[in-house]
Amino acid sequence: MKLVFVFLLFMAFTIKNNAQESLVYLNQKAPSTTPEIFAPDIISKQKEYEFGSVFSKDGTEFFYGVDINGKSEIRYTKLDGDSWITPKTIIVHENYGFNDPFLSPDENRLYYISNMPLSGVGDGKDYDIWYSTKNPEGWSKPKNAGKNINTNFNEYYISFTQQGTMYFSSNKEAAKDNNGDFDIYASKNEDGLFQKPSKLPEAINTKAYEADVFVASDESYVIFCATRKEGLGRGDLYISFKNDDGSWTKSKNMGEPINTSGHELCPFVTKDGKYFFYTSKKDIYWVDAKILEQYR
């Protein structure tokens, strides 16, 4: 009888655990290696422009940007019991835009970009990287990420390694010497402070546009948006892998079916390594992350 009880307890736990796992990622049917629109009519809506998405590491919380009549806001949904709450706006302002959300490695901070001035009043400025800290009531008021990261030019899109190094893009050099465009940078975090950023090498950065960078948590690869002559559309996704010696492979256009004649941007790979998300045709798409192996 004791063995029967233990077996039944194990089966009940397994069934409950499997049921819980089926609810993550908004309870959507997992994609194949052919990209699909993510959560149509729930997240990706026909008359809205959704972009810049990120899931929590357990797949039960989802943050994403939405453009409403030219002004962006950040929305949020989470798994509550056996269902997902209706997406709600959590960071918005009547005068300024907020987008490109990304969680810190410990998920206690939500980073994003905004054209809000440091004073919080007046006309919008260039885009800076900001963050809010998680608290019992939700998320704190926006805090600027500081002068080591932000400049008087534009800083875009954020992602992190597990060690806390921030990858992002900026047009600070292009704006100064009029010789180039957005480039990708990395800033190490030491004792809670971001250090002076270093520009990624020519294997990734060119005189063309490189931005919207996602870095793998183990820093083994980056995926980013670039506008280059060989591209298929207005902006394509490229990938580069880190070699054992710390150098980067020459970035490669991800091609079809990821890239199209339109604009692909805002890459993100879930912490479990299962799914690759990005924006295309003003919707969020996802695909089995196994597709990344074909580019090595």
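The values are calculated or read from the model by the stated rules, or taken from the named source; none is laboratory data. Predicted model only: the values in this text are computed from it and were never measured. All Cβ positions, even for glycine, are placed from backbone atoms using ideal geometry, and neighbour counts span all protein chains on display. Heavy atoms of the whole protein, side chains included, go into the accessibility calculation; ligands, DNA and RNA do not. Shrake-Rupley method; radii C 1.70, N 1.55, O 1.52, S 1.80 Å.
Evaluating kT/(6 pi eta Rh) at 37 °C and 0.692 mPa s, with the Kirkwood radius of the chain over Cα pairs in the Stokes-Einstein relation, gives 164 µm² s⁻¹.
The relative contact order of region 220-296, computed from alpha carbon pairs under 8 Å that lie at least 6 residues apart in sequence, is 24 percent.
Bridgeable lysines around Lys271 (alpha carbons under 16 Å apart, same-chain partners fewer than 8 residues away excluded): Lys57, Lys290. Available extension along the chain between Gln46 and Lys274 is 79.5 nm, counting 0.36 nm per residue and deducting the alpha carbon span.
Counting only lysines at least 8 places from Lys207 when in the same chain, those with an alpha carbon closer than 19 Å to its own are Lys172, Lys176, Lys199, Lys229, Lys250, Lys252. Taking every pair of alpha-carbon atoms in region 61-115, what share in percent sits in each 5 Å bin, from 0 to the bin with the longest distance? Bins of 5 Å from zero give 5, 19, 27, 23, 16, 8, 3, 0 percent of pairs. Label sites at Lys143 and Glu256, each approximated as a point 7 angstrom past Cα along Cα to Cβ, lie 4.9 nm apart.
Taking only protein heavy atoms and a 1.4 Å probe, the accessible area of the chain is 50% carbon and sulfur. Accessible area per residue for region 184-296 is 47 Å², calculated with a 1.4 Å probe on protein heavy atoms, without ligands, DNA or RNA.
Once both labels are positioned 7 Å from their Cα atoms along Cα-to-Cβ, the gap between Arg228 and Glu107 label points is 3.5 nm. In order along region 109-122, phi translates into HN-Hα couplings of 10, 10, 8, 6, 10, 7, 9, 5, x, 4, 6, x, 9, x Hz, rounded to whole numbers, per the Karplus curve 6.51 cos²θ - 1.76 cosθ + 1.60 with θ = phi - 60° and x for Gly and Pro.
Computed from phi, the 3J(HN,Hα) profile of region 183-193 under the Karplus parametrisation 6.51, -1.76, 1.60 (θ = phi - 60°) reads 10, 9, 10, 9, 10, 6, 9, 10, 6, x, 10 Hz, with x in place of Gly and Pro. Placing a pseudo-label 7 Å from each Cα along the Cα-to-Cβ vector at Lys125 and Thr33 gives an inter-label distance of 4.7 nm.
Looking at the square roots a ≥ b ≥ c of the eigenvalues of the Cα gyration tensor of region 121-182, which shape do they give, rounded for a/c under 1.5, prolate if a/b is larger than b/c, or oblate? Since a/c reaches 1.5 but b/c is at least a/b, the shape of region 121-182 is classed as oblate. Considering region 165-296 at the alpha-carbon level, its Rg and Dmax are found to be 14.6, 44 Å. All C-alpha pair distances within region 44-149, sorted into 5 Å bins from zero, spread as 2, 12, 22, 26, 19, 12, 5, 2, 0 percent across the bins. Heavy-atom accessible surface of region 44-95, averaged per residue, reaches 51 Å², computed with a 1.4 Å probe. Mean residue ellipticity, 222 nm, helices only, the chain: the sum of -39500 (n - 2.57) across DSSP H runs of n ≥ 4, divided by residue count and rounded to 500, is -3000 deg cm²/dmol. Per-residue Karplus couplings for region 241-254, computed as 6.51 cos²θ - 1.76 cosθ + 1.60 with θ equal to phi - 60°, are listed in order as 10, 8, 7, 4, 8, x, 7, 10, 6, 4, 4, 10, 5, 6 Hz, Gly and Pro entered as x.
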